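> There's a structure below that I have some questions on.
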Protein chains: 2
Amino acid sequence: MTEIKDINESTAKDQFILYWGDMGSQWGVNRSVAQIHALLFLSTSPMNAEQISDELGIARSNVSNSLKELVGWKLIRRVPIAGDRREHFVAEVDVWEMAMLIAQGRKEREIDPAMAAIDMCIRQADDEPNLNPVILNRMKEMQEFLQTADRWSSQMLSVPKSRLNALMKMGDKVFSLLKLTGKKSE
Amino acid sequence: MTEIKDINESTAKDQFILYWGDMGSQWGVNRSVAQIHALLFLSTSPMNAEQISDELGIARSNVSNSLKELVGWKLIRRVPIAGDRREHFVAEVDVWEMAMLIAQGRKEREIDPAMAAIDMCIRQADDEPNLNPVILNRMKEMQEFLQTADRWSSQMLSVPKSRLNALMKMGDKVFSLLKLTGKKSE
DNA sequence: CCATTATTTCTCTCAATACTGAAATAAGTG
DNA sequence: CACTTATTTCAGTATTGAGAGAAATAATGG
């Protein structure tokens with residue numbers, strides 16, 4: 001007789017938090033951060049750190065650090081509650097806004113450092129007169145790709161989300177247009 | 001007097017492998033896998049597992065498993081070499097093709113399981129008559145978003161890469177069109 | 001400015017996972 | 001069908017990162 005509930009017996013909300021936390025690992029954020037985010041996403045009122053700690057059963061200090069990380073992603077923000085000293089937090093609940101915030105964060109964490117690294121490599125390569133030109137060329141292609149992807153994602157992120165939503169929902173039409181003249185695999 | 005070279009003294013190719021390996025962690029693949037991928041990406045001829053093991057100084061067994069993972073991503077493939085029993089590998093060197101393979105892999109590992117999870121939650125939620133409708137609604141919005149993103153990315157991945165390349169490179173024009181009538185942050 | 005309560009920092013433990021090296025298996029070869 | 005060589009599996013080790021709890025700091029109120 002254990003106190004741990006089988007996931008099949010727990011409520012939809014609890015399940016959501018569990019799954020979301022689990023997926024967090026896959027997405028590069030740790031479980032605590034993902035669980036707290038899920039909890040706040042489904043919460044109908046602001047929560048303070050202690051409430052979160054109690055509800056999820058994770059250490060108060062862990063909650064503190066995780067909240068800081070989520071604020072860094074702008075996925076949650078602090079809200080003052082009248083007559084309460086403690087800090088309260090709410091999540092961004094618009095899923096499109098959320099997606100754009102995550103995309104933004106990923107771009108910063110993934111594309112930007114990749115660009116910095118490749119730039120350094122190519123600077124080094126320029127000092128190597130007997131470097132195989134094929135190798136240099138591959139590096140340059142990678143660099144160019146990253147630059148294009150970088151500019152593209154920056155622009156993508158500046159599109160108003162209502163438009164993005166509309167665009168993606170009518171994706172079929174956009175894409176069939178794009179594929180019209182495309183050759184098979186080139 | 002150590003044998004470990006300072007990164008500033010190593011060649012551009014070695015630097016690239018080191019940085020790529022390092023970024024791998026950020027991207028969710030381990031260092032060995034990322035380093036092997038980088039090595040093959042810059043290699044002008046097919047390599048066998050032993051060569052890779054020697055060049056990168058990682059265990060032969062580790063190379064074997066990492067190669068399998070890279071083949072799983074379709075980022076490398078086996079090529080037979082006449083008169084050599086050993087398996088040789090080459091990387092996909094087209095950066096656009098590479099990007100699409102990675103996107104494909106990520107969709108499968110990130111979006112697909114997320115969709116499966118949210119579907120289960122909502123199925124559970126339907127059995128809970130006194131679930132706060134706001135919560136149910138948030139879950140449903142998330143579900144709808146994931147479905148849209150899923151369809152959209154599937155379609156994106158089926159666009160011939162030459163077209164995608166052209167589209168992204170002229171991104172400016174596409175996006176300025178999109179933003180024309182957009183309201184500021186809604 | 002002391003007392004109380006909230007928050008953060010720090011150190012330690014534990015768990016997850018990367019990696020190694022040996023053993024086992026598989027694939028060729030004479 | 002033995003013998004060599006290539007590859008994979010497995011079990012143990014090392015490294016990394018998550019998370020807990022105590023200690024330190026900061027904020028607020030009397």
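The values are calculated or read from the model by the stated rules, or taken from the named source; none is laboratory data. These numbers come from a predicted model, not from an experiment. All Cβ positions, glycine included, derive from the backbone under ideal geometry; neighbour counts span all protein chains shown.
> Please work out if B:L178 is more than 7 Å from chain A (Cβ to nearest Cβ), within 22 Å of A:M98 (Cα to Cα) and either over 17 Å from the mean Cα position of the chain (by Cα) or in a loop (DSSP other than H, G, I, E, B) (or both).
No: the conditions fail for B:L178.
> Could you identify the single residue in B:M142, B:M168, B:M156 that is assigned to a helix (DSSP H, G or I) and farther than 27 Å from A:L146 by Cβ? Give the derivation first.
On the way: B:M168 fails: farther than 27 Å from A:L146 by Cβ; B:M156 fails: farther than 27 Å from A:L146 by Cβ.
Exactly one residue qualifies, and that residue is B:M142.
> (1) over 25 Å from the mean Cα position of the chain (by Cα); (2) outside the structural domain of B:N30 (by TED's automatic domain parsing); (3) more than 18 Å from A:Q15 (Cβ to Cβ): which one isn't true of B:N137, the others all being true?
Exception for B:N137: condition (3).
> To continue, here is another question. Taking A:L101 as the residue in question, decide whether it is assigned by TED's automatic domain parsing to the domain that holds A:L157 and either touching a residue at least 24 places away in the same chain (Cβ under 8 Å) or within 16 Å of DNA strand C (Cβ to nearest atom) (or both).
So A:L101 passes the test.
> Among the residues of region B:73-91, write down those that are touching a residue at least 24 places away in the same chain (Cβ under 8 Å) and not in a strand (DSSP E or B).
Step one: filter region B:73-91 for residues touching a residue at least 24 places away in the same chain (Cβ under 8 Å), giving B:73-76, B:79, B:81, B:84, B:86-91.
Selection gives B:W73, B:K74, B:L75, B:I81, B:D84, B:R86, B:E87.
> Report, ordered by the first and then the second residue, all pairs with beta carbons closer than 9 Å, sequence separation of six or more or different chains, a first member in region B:12-29 that is not assigned by TED's automatic domain parsing to the domain that holds B:F41, and a second member that is surrounded by 22 or more Cβ atoms within 10 Å (Cβ to Cβ).
none
> With the requirement that a residue be at pLDDT 90 or above, more than 8 Å from every other protein chain (Cβ to nearest Cβ) and buried (at least 17 other Cβ atoms within 10 Å of the Cβ), what does region B:139-174 give you?
B:Q143, B:L146
> Tally the residues that are in a helix (DSSP H, G or I) and either near DNA strand C (Cβ under 7 Å from one of its atoms) or surrounded by fewer than 11 Cβ atoms within 10 Å (Cβ to Cβ) (or both), restricting the search to region B:44-64.
We begin by selecting, within region B:44-64, every residue in a helix (DSSP H, G or I); these are B:49-56, B:60-64.
Next, from what is left, pick out any that are either near DNA strand C (Cβ under 7 Å from one of its atoms) or surrounded by fewer than 11 Cβ atoms within 10 Å (Cβ to Cβ) (or both): B:60-62.
Final tally of qualifying residues: 3.
> Residues of region A:56-72 being without any contact (Cβ under 8 Å) to a residue 40 or more places away in the chain and more than 9 Å from DNA strand D (Cβ to nearest atom), which ones?
Result: A:L67, A:K68, A:L70, A:V71, A:G72.
> Would you call A:G21 surrounded by fewer than 21 Cβ atoms within 10 Å (Cβ to Cβ) and within 13 Å of DNA strand D (Cβ to nearest atom)?
Spelling it out, it is not the case that A:G21 is surrounded by fewer than 21 Cβ atoms within 10 Å (Cβ to Cβ) and within 13 Å of DNA strand D (Cβ to nearest atom).
> State whether the residues of region A:9-25 include one that is within 16 Å of DNA strand C (Cβ to nearest atom), in a helix (DSSP H, G or I) and among the acidic types (D, E).
yes
> Still on this structure, please answer the following. Report yes if some residue within region B:73-87 is at pLDDT 95 or above and at the interface with chain A (Cβ under 10 Å from one of its Cβ atoms); otherwise report no.
Looking through region B:73-87, none of the residues is at pLDDT 95 or above and at the interface with chain A (Cβ under 10 Å from one of its Cβ atoms).
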